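A quick write-up on the structure given underneath.
The values are calculated or read from the model by the stated rules, or taken from the named source; none is laboratory data. What you see is a predicted model, and the numbers here were worked out from it, not measured in a lab. Because the Cβ atoms are built from the backbone with ideal geometry, glycine has one as well, and the counts that use them run over all protein chains shown. Protein only, heavy atoms only, side chains kept; ligands, DNA and RNA dropped before computing areas. Shrake-Rupley method; radii C 1.70, N 1.55, O 1.52, S 1.80 Å.
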Amino acid sequence: MSRPDFLWGVATAAFQIEGATQADGRLPSIWDTYAATPGNVLNGDTGDRACEHYHRWADDVDLIGSLGVDAYRLSIAWPRVIGLDGELNSRGVDFYKRVLDRLADKGIQRYATLYHWDLPQHLEDRGGWLNRDTAYRFADYADKISRALEGRVTAWATLNEPWCSAYLGYTHGRHAPGRRGPRYAAQALHHLLLGHGLAQPALQANDAKAQRGIVVNIGRGAPEDPNSAADREAARLFEVQLNDWVLDALLKGEYPEDVFRLRPGTEPLVLEGDMDVISRPLDFLGINYYYRSTLRSDDGHGYVEVQPPGRERTQMGWEVCPEAFTELLVGFRERYANLPPILITENGMASADLVVDGQVADTQRCAYLQRHFAAVHAAIEAGVDVRGYFVWSLLDNFEWAYGYERRFGLVHVDYDTQVRTLKHSAKGFQAFLAERARGPR
Ligand code: FCB
């Protein structure tokens, strides 16, 4: 990218890589419970071992360093660092201190997400994100951990993809905690966003030099038939419930009415002042983008998703569409006068990668990444303030309901031996970063 200070990084999340789910006083999380229930995760996979990053962290940090990235996005596991009494668990905290310090020694910037979906199970037992009190518990956790890690992180992101936590976790049921209430998503989302807002003053007070933000998932909706006004409206409504629902709350302090027209009777309980808390100013907005969806009008539900044949897709079945990435970024700049600087906190793809003669020829990923870098570049040229880009993911890892079968890593993980092998995409990224480091700054 043209900015010399543009950040290039890789991303992971605690539950997806750490394993060691019972080490050093870590408490069970909703993902431990969910994965332990047969039928929830493909092949019965769990996070018990994952990439064993909890024990292999030093080598993994060296691996990150070897790629030549500027920054690493990780998440902190709430159930590792806060005990049942609500106080810090120093053994869990020390793990993150060691990781963050080794990254700092290598000159790698540290982007820490406080909540990447691993809610302590004991809080779920009291209602989880449907219980307003969980927002206050989150703010308390943010307060304590930011005091403990003060000066060690470059930036804090409160939540990862609150839409997924709320909708997939509490209405759709395909993510932990696996609840399926049509009205739950809106209430859970409200409490997640409230927790995000409530955490801001403590993060600022405890670690004033670190930047503060949040990470959201976004997606593009395209009409199945572009000539059909009904399909175009379906695509619009899809984006309202995926993008505007969260972004309007954060950046305008309101929920879009269309969300509740789509799902009558699902309005959350919002107390006076909540929306002001939720829309407190941010230093950055983290954006995760993966694919485009195609929608057909459905009079009963607003839209249904369809899968037109003949389009390039990934191992997840997700349509590859870099142009949609540019369109979304440019669209947000038009919609939100106060759009904060953007970091692309996730982008990448899954493929069924194999090691053959020591090589992993992930050609689809190499092309995907190049095309999406170009899409971000096009958005920057169009005036969008994008400051950095993190590839999802450093390693193949526990891909939630899909377990270990879907491989998103730049680095291949053999789950029997835990051997890490740089895929061609990792080598390409490494070469690109080395080239940039040599070039004029
Ligand atoms: C995102 C999640 C991340 C990863 C990618 C593929 O929704 O934030 O943990 O699973 O999808």
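Find the centroid of the Cα atoms in segment 155-177 and in segment 79-153, then give the distance between the two in whole Å.
Answer, in whole Å: 16.
Give, in whole angstrom and from largest to smallest, the semi-axes √(5λ) of the equivalent ellipsoid of segment 375-441, with λ running over the eigenvalues of the Cα gyration tensor. It would help to have the intermediate numbers written out before the result.
On the way: eigenvalues 171, 62, 11 Å².
Rounded to whole Å, the semi-axes are 29, 18, 7.
Would you calculate the separation in nanometres between label points at R132 and A434, each defined as 7 Å from the Cα along the Cα-to-beta-carbon direction?
With each label point 7 Å from Cα toward Cβ, the separation is 5.7 nm.
Over the alpha carbons of segment 110-165, what is the largest minus smallest coordinate on each principal axis, giving the biggest first in Å?
Result, largest extent first: 34, 22, 16 Å.
Taking all pairs of distinct Cα atoms, average 1/r, flip it, and tell me the Kirkwood hydrodynamic radius of the chain in Å to one decimal place.
In the chain this quantity evaluates to 22.0 Å.
At 0.36 nm per residue, and after removing the present C-alpha to C-alpha distance, how many nm does the segment from R147 to R313 gain when stretched out fully?
Gain in length upon complete extension: 55.4 nm.
For the chain, which whole-number percentage of the solvent-accessible area (1.4 Å probe, protein heavy atoms only) is attributable to carbon and sulfur atoms? Can you show the working numbers first?
Working: 8280 of 17010 Å².
Result for the chain: 49 percent of the exposed heavy-atom area is carbon or sulfur.
Tell me, what is the FRET efficiency for D59 and A36 to the nearest 0.05, using R0 = 41 angstrom and their Cβ-Cβ distance as r?
Once rounded, the FRET efficiency stands at 0.90.
With every protein chain left in place, what is the accessible area per residue of segment 7-438 in square angstrom, probe 1.4 Å?
Each residue of segment 7-438 exposes 38 Å² on average to a 1.4 Å probe.
If you take every DSSP beta bridge whose two residues both sit in the chain, what share of them, in percent to the nearest 5, is antiparallel?
Close to 25 percent.
Give me, ordered by chain and number, the residues 5 or more places off V270 or on other chains with an amide H under 5 Å from its own placed amide H.
Here the answer is none, since no amide H 5 or more places off falls under 5 Å of that of V270.
Relative contact order (percent) for the chain, with alpha-carbon contacts under 8 angstrom and 6 or more residues of separation?
It rounds to 17 percent for the chain.
Say we join alpha carbon atoms closer than 10 Å with springs in a Gaussian network model of the chain; which of R220, R335, R49 then has the biggest fluctuation?
In the Gaussian network model the winner is R335.
What lysines could a cross-link reach from K209, if we take a straight Cα to Cα line under 25 Å and drop same-chain neighbours fewer than 8 places away?
The reachable lysines, counting only those whose Cα sits under 25 Å from K209, are K97, K106, K144.
What number do you get for segment 60-111 when its Cα radius of gyration is normalised by 2.2 N^0.38 Å, N = residues?
Dividing the Cα radius of gyration by 2.2 N^0.38 Å gives 1.29.
In nm, to one decimal, how far is the modelled label at D299 from the one at Q22, with both set 7 Å along Cα→Cβ?
The modelled label-to-label distance comes out at 5.7 nm.
List the residues whose amide H sits under 5 Å from the amide H of K423, counting only those 5 or more places along or on another chain, with H placed 1.01 Å from N in the peptide plane.
V411, H412
Between E381 and V270, what is the spin-label point distance in nm, taking each point 7 Å from the Cα along the Cα→C-beta axis?
Simple spin-label model gives 3.9 nm for this pair.
Output the Kirkwood hydrodynamic radius of segment 335-390, Cα pairs only, in Å rounded to one decimal.
13.4 Å
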